[in-house]
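Data first, discussion second: the structure below is written as structure tokens.
The numbers here are math on the coordinates, done by the rules we state, and not lab data. As the structure is a prediction and not an experimental result, all values here were calculated from the model. Counting neighbours? That spans all protein chains shown, and the Cβs are built from the backbone with ideal geometry, glycine included.
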Amino acid sequence: MGLVPVDELLFRAEQEGYAVGAFNANNMEIVQAIMMAAEKENAPVIMQASQGAIKYAGLDFLTGMVKLAARSSKVPIALHLDHGTDFDQVVRCIRSGFSSVMYDGSKLPLEQNIAMTKKVLEIANPIGVSVEAELGKIGGTEDEVHVSEKEAMYTDPDEARYFVEQTGIKSLAIAIGTAHGQYKGEPRLDFDRLAKIKSLVGIPIVLHGSSGVPDEAVQKAIKLGVCKVNIDTNIREAFVGAMHRVMEEKPDEIDPRQILGPAREATIEIIRQKIRVFGSAGRA
Ligand code: G3H
Ligand code: 13P
Ligand code: ZN
């Protein structure tokens, strides 16, 4: 099977009331872990690469690994650019064969975000590449901002409706209280805002910063319209945590396979758990 457009996966997820997991891939072991977990759970899956991942692994290597995974896998796999803020990078990913890109214009003024998102859609739409946009600011948990300041960064429902009308975008990342990275306390999601936005835009919603959000809260968000759930930090914790464990137990180990193998296994396990929470198990 070749790479599948994200829109196709999200369309079905929306109809059937589940969400597709979008997992960040930075190296071969993580690409393999995402594929193996999806196969074990018989689930569609999105592998996503950030600009940082592309800088680390190289665009051709990443695309090559994910294309190979998709070709040899029985489950649908999409390759998605995560938080593309640079138009030229977005174009390079599309040329390289990504089946989906996120154009993240959330730091731009509204009209500029609309104009740039439309520019990306103009090149992606005709060749069947999906596009995700972002409105509102999903910060990092390390950002020192008060609750009231945080709320000011949340997605405004009327702006969301206007943004979707103007761009014709098919999936939208919104800010409702999640943040990237490890949470200090328990995140509190603004479900009313999510419900309002969903009722106004009627397209699949994307939840970023989903690591550390309690399972029940993620499931409630899925019921209210979230169809794509992004996970990176939980993968980092599982992968590096396993590496630390092996290195503590065997400080003299010099074979990288003895360290990276258990890291890959731990990553498979966390991704399988997430897939089951999102309701996408058995939906391939
Ligand atoms: O959304 C952010 C992801 O966790 C990617 O992080 O830019 O360090 O690869 P990164
Ligand atoms: P976490 O690292 O908080 O899981 O966020 C992932 C994400 O939103 C990638 O775009
Ligand atoms: Zn994100």
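Let's see how each residue does on (1) in contact with a Leu (Cβ under 6 Å, 6 or more places away or on another chain); (2) of a type in the set (A, V, I, L, M):
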residue	(1), (2)
GLU29	yes, no
GLN32	no, no
LEU59	no, yes
PHE98	yes, no
* Asked: Is it true that some residue in the stretch 44-66 is acidic (Asp, Glu) and closer than 18 Å to HIS208 by Cβ?
  -> no
* To do: Determine which single condition ARG95 fails, assuming it passes every other condition in (1) of a type in the set (Lys, Arg); (2) over 22 Å from ALA179 (Cα atoms); (3) touching a residue at least 12 places away in the same chain (Cβ under 8 Å).
  => (3)
* Asked: If you check ILE268 against the conditions, is it in a helix (DSSP H, G or I), in contact with a Lys or Arg (Cβ under 8 Å, 6 or more places away or on another chain) and either closer than 24 Å to VAL6 by Cβ or among the polar types (S, T, N, Q) (or both)?
  -> yes
* For residues in the stretch 164-176 being assigned to a loop (DSSP other than H, G, I, E, B) and under 16 Å from the mean Cα position of the chain (by Cα), which is nearest to MET153 (Cα to Cα)? -> ALA175
